[in-house]
Every structure is written in structure tokens, then in C-alpha cells.
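Student: Pasting in a structure now, in C-alpha cells, and then I'll have a few things to ask.
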Amino acid sequence: MNEKMHLNITWLYPKEMSTYGDRGNILTLKKRCEWRGIEVNIDEVRLKDKPKENWTDLYFFGGGQDTAQTTVGEDLKEKKKFLQNEAQESKVFLGVCGGYQLFGLYYRDSSGQETEGLGILDIATRASNTRMMGNLVMEVDFLKDKMVGFENHSGETRLGQKAVALGKVLVGFGNNGQDKTEGAVQNNVYGCYLHGPVLPKNPTFADYLVKLALKRSYGEIELRFLNDSIELAAHETALQRAHKTR
Ligand code: GLN
């Protein structure tokens with residue numbers, strides 16, 4: 001491959017939906033590509049902005065408070081058809097917590113107010129009286145790896161028929177604290193409750209998403225090896241800590 005590869009990322013609502021440091025996922029995707037000579041372009045889509053047409057390889061949607069979710073949910077209505085088409089075109093999406101919830105059919109907050117989601121994941125979320133907070137560890141079969149992070153949500157998410165769980169909870173609550181599922185996957189749409197942010201401490205998942213997002217333009221590629229000793233040390237520390245504290 002002679003031409004310089006590039007990855008176009010659309011970051012949905014960077015101001016309203018990055019309360020828990022999820023912007024670190026954008027930095028991780030950017031650095032892990034640039035370290036390999038892959039150019040990264042980032043388009044920040046805010047309230048009232050229109051996402052670029054025929055441009056995005058990967059969409060990122062971070063977490064936020066219920067109030068921000070309501071505001072963003074209202075704005076999402078204008079973008080819903082476009083983003084549904086993008087998901088049907090098998091573009092890659094990653095949503096974390098509030099962003100994950102708004103990939104689903106709806107998010108019902110503690111007052112009973114329902115915010116319509118994009119419907120690109122067959123999930124539904126209802127606020128509960130439990131704050132599901134703490135270290136979270138799950139087993140992810142298709143990565144042949146564990147994923148670690150920190151969860152902080154009251155929303156209980158349940159999967160419908162079209163979605164499958166991203167992983168099986170080993171430590172923590174996950175989607176709802178009952179069925180031992182965490183996150184969801186449908187087509188190339190991925191969602192989870194892992195803050196931290198999720199990607200720096202889970203380089204296997206970060207590279208998996210990069211490869212998937214590059215596939216449309218470049219086919220199956222192998223990503224150059226990176227020395228992930230620091231990332232894997234952080235992963236291991238988070239794993240140990242989770243097993244100790246829960
Ligand atoms: N407001 C949502 C909940 O509490 C999501 C919170 C978040 O994005 N961390 O479930």
C-alpha cells in the first residue's frame with residue numbers, strides 16, 4: 001500500500017457528551033493511527049451541525065449527564081435519518097454510556113421523561129434507583145481478551161433480538177447489574193459503559209475498531225505492531241484493582 005491511509009472520525013457532541021473524559025478515546029484513535037503513519041481527520045459535530053456526507057469512517061459518541069442527553073436527544077432527531085443510513089452502510093460507531101444509550105431506541109430518565117435514540121442498536125435504557133459505579137471487567141470473546149474500565153450510570157440497558165452483548169461481566173454491573181451482559185453490538189455499531197476512557201487501557205479493542213473502520217476504504221489490513229507496554233501495564237493494574245475492590 002503506497003498511498004498514505006487516512007481515517008476520518010466524526011465526534012458527536014464533543015462539548016455536551018464528554019463529561020467523563022471520553023475525549024481520551026479520540027486521542028487514542030488519533031495517536032494509534034499516527035504512530036503507524038495513518039493520517040487522521042476529526043470533524044466535531046455540535047448542536048445544529050450537519051455531519052459531513054460520504055466522509056466518515058468512524059463515529060464517536062461519549063457520555064454525559066441526563067440533562068445533556070435530553071438536549072442532545074432533541075438535536076439528534078435532525079440527524080437521525082442520516083446516521084441510521086450511515087449505520088446501515090456499516091460505518092463504525094462507538095458509543096460510551098450516554099452516547100451508547102442514545103444509539104438505542106430510547107433513554108427514560110428518573111423523571112420518566114423519554115429521550116428518543118437513533119435506533120441503530122436494538123437496546124432500551126431506563127434509569128434505575130441504583131447508581132452503578134465502580135471498576136468494570138468483562139470478557140470479550142471476539143477479542144479473545146478482557147476489557148477494563150470504570151462505569152458510572154443509573155441507566156439499566158436491556159438488549160433486544162437484533163443486538164448481541166459486547167461482553168460478559170466478570171466484575172461490576174455492566175448493562176443492568178442482572179443479566180451479566182455489558183455493552184452491545186449490532187452490524188458495526190458498538191456501545192459500552194466503560195469510561196476510563198475505554199480505549200487507552202484496551203488497545204486490542206482500539207486497534208480492532210481502527211482496522212474495521214479502515215476496511216471500507218482499504219480492505220483487510222494488518223496494523224503495524226506498537227509497543228503497548230504502558231497501555232498493557234495500565235490494563236493489568238485496572239484488572240487487579242477491579243478484582244480487589246468489588
Ligand atoms: N445519564 C446516563 C445514566 O446515568 C448516562 C451517564 C453517563 O454517560 N455516564 O445512566
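The values are calculated or read from the model by the stated rules, or taken from the named source; none is laboratory data. Since the structure is predicted, the reported quantities are computational estimates derived from the model, not experimental observations. Glycine also receives a Cβ, built like all others from the backbone with ideal geometry; neighbour counts cover every protein chain displayed.
Student: Quick check: anything in the range 11-34 assigned to a strand (DSSP E or B) and either under 22 Å from Thr204 (Cα atoms) or modelled with pLDDT of 95 or more (or both)? Lay out the reasoning, then the answer.
Tutor: First pass over the range 11-34, keeping only residues assigned to a strand (DSSP E or B): 11-12.
Filter again for either under 22 Å from Thr204 (Cα atoms) or modelled with pLDDT of 95 or more (or both), leaving 11-12.
Yes, the range 11-34 contains at least one residue that is assigned to a strand (DSSP E or B) and either under 22 Å from Thr204 (Cα atoms) or modelled with pLDDT of 95 or more (or both).
Student: Additional query: Taking the range 86-109 on its own, how many of its residues are within 12 Å of the ligand (Cβ to nearest atom) and among the acidic types (Asp, Glu)?
Tutor: Here the count works out to 1.
Student: Please go through the range 136-158 and pick out each residue that is away from the ligand (no atom under 16 Å from the Cβ) and over 16 Å from His235 (Cβ atoms). If you could, list the steps in order and put the result at the bottom.
Tutor: Initially, the range 136-158 is screened for residues away from the ligand (no atom under 16 Å from the Cβ), giving 137-148.
Across the range 136-158, the qualifying residues are Asp141, Phe142.
Student: Only residues that are closer than 25 Å to Asn187 by Cβ, among the hydrophobic types (A, V, I, L, M, F, W, C) and free of Cβ contacts under 8 Å to residues at least 60 places away in the same chain: list them for the range 121-141, please.
Tutor: Of all residues in the range 121-141, those closer than 25 Å to Asn187 by Cβ come to 121-126, 136, 138-141.
Narrowing further to those that are among the hydrophobic types (A, V, I, L, M, F, W, C): 121, 123-124, 136, 138, 140.
Within the range 121-141, Ala124, Met138 qualify.
Student: Among the residues of the range 145-175, which ones are without any contact (Cβ under 8 Å) to a residue 40 or more places away in the chain, surrounded by fewer than 19 Cβ atoms within 10 Å (Cβ to Cβ) and within 22 Å of Glu231 (Cβ to Cβ)?
Tutor: Scanning the range 145-175 gives no hits.
Student: Only one of Ile42, Ile38 is more than 14 Å from the ligand (Cβ to nearest atom) and farther than 12 Å from Thr10 by Cα. Can you tell me which?
Tutor: Going through Ile42, Ile38 in turn, the sole match is Ile38.
Student: Please state which of the following conditions Met133 fails to meet, knowing it meets all the rest: (1) within 12 Å of the ligand (Cβ to nearest atom); (2) closer than 23 Å to Lys77 by Cα; (3) surrounded by fewer than 16 Cβ atoms within 10 Å (Cβ to Cβ).
Tutor: The single condition Met133 does not satisfy is (2).
Student: For the range 49-89, give me each residue that is in contact with a helix residue (DSSP H, G or I) (Cβ under 7 Å, 6 or more places away or on another chain) and surrounded by fewer than 17 Cβ atoms within 10 Å (Cβ to Cβ).
Tutor: Listed by number, the list holds a single entry, Pro51.
Student: Still on this structure, please answer the following. Say whether the condition of being touching a residue at least 40 places away in the same chain (Cβ under 8 Å) and of a type in the set (A, V, I, L, M) is met by at least one residue in the range 48-66. Write out each step before concluding.
Tutor: If we filter the range 48-66 for residues that are touching a residue at least 40 places away in the same chain (Cβ under 8 Å), which is where we start, we get 51-52, 55-66.
Next, from what is left, pick out any that are of a type in the set (A, V, I, L, M): 58.
Yes, the range 48-66 contains at least one residue that is touching a residue at least 40 places away in the same chain (Cβ under 8 Å) and of a type in the set (A, V, I, L, M).
Student: Cβ contacts < 7 Å: first residue aliphatic (A, V, I, L, M), restricted to the range 17-38; second residue in a loop (DSSP other than H, G, I, E, B), any location; separation 6+ or different chain. Result?
Tutor: Between residues of the range 17-38 that are aliphatic (A, V, I, L, M) and residues that are in a loop (DSSP other than H, G, I, E, B), the close pairs are Met17/Gly62; Met17/Gly63; Met17/Gly64; Leu29/Leu199; Ile38/Met5.
Student: Looking at Gly73, Gly119, Gly112, Gly149, which one is within 17 Å of His195 (Cα to Cα) and either not polar (S, T, N, Q) or not in a strand (DSSP E or B) (or both)? Step through it out loud before you land on a result.
Tutor: Working: Gly73 fails: within 17 Å of His195 (Cα to Cα); Gly119 fails: within 17 Å of His195 (Cα to Cα); Gly112 fails: within 17 Å of His195 (Cα to Cα).
Answer to the check: Gly149.
Student: Among the residues of the range 189-210, write down those that are surrounded by fewer than 22 Cβ atoms within 10 Å (Cβ to Cβ) and either assigned to a strand (DSSP E or B) or among the polar types (S, T, N, Q) (or both).
Tutor: Once the filter is applied, which keeps residues that are surrounded by fewer than 22 Cβ atoms within 10 Å (Cβ to Cβ) and either assigned to a strand (DSSP E or B) or among the polar types (S, T, N, Q) (or both), the range 189-210 yields only Thr204.
Student: Quick one: is Lys48 modelled with pLDDT of 95 or more and assigned to a helix (DSSP H, G or I)? So that I can check it myself, show each step before the final result.
Tutor: Numbers: modelled with pLDDT of 95 or more: yes; assigned to a helix (DSSP H, G or I): no.
No; evaluated as a whole, the condition is false for this residue.
Student: Could you please find all residues in the range 58-85 being of a type in the set (Asp, Glu) and within 13 Å of the ligand (Cβ to nearest atom)?
Tutor: Step one: list which residues in the range 58-85 are of a type in the set (Asp, Glu), which gives 66, 74-75, 78.
Across the range 58-85, the qualifying residue is only Asp66.
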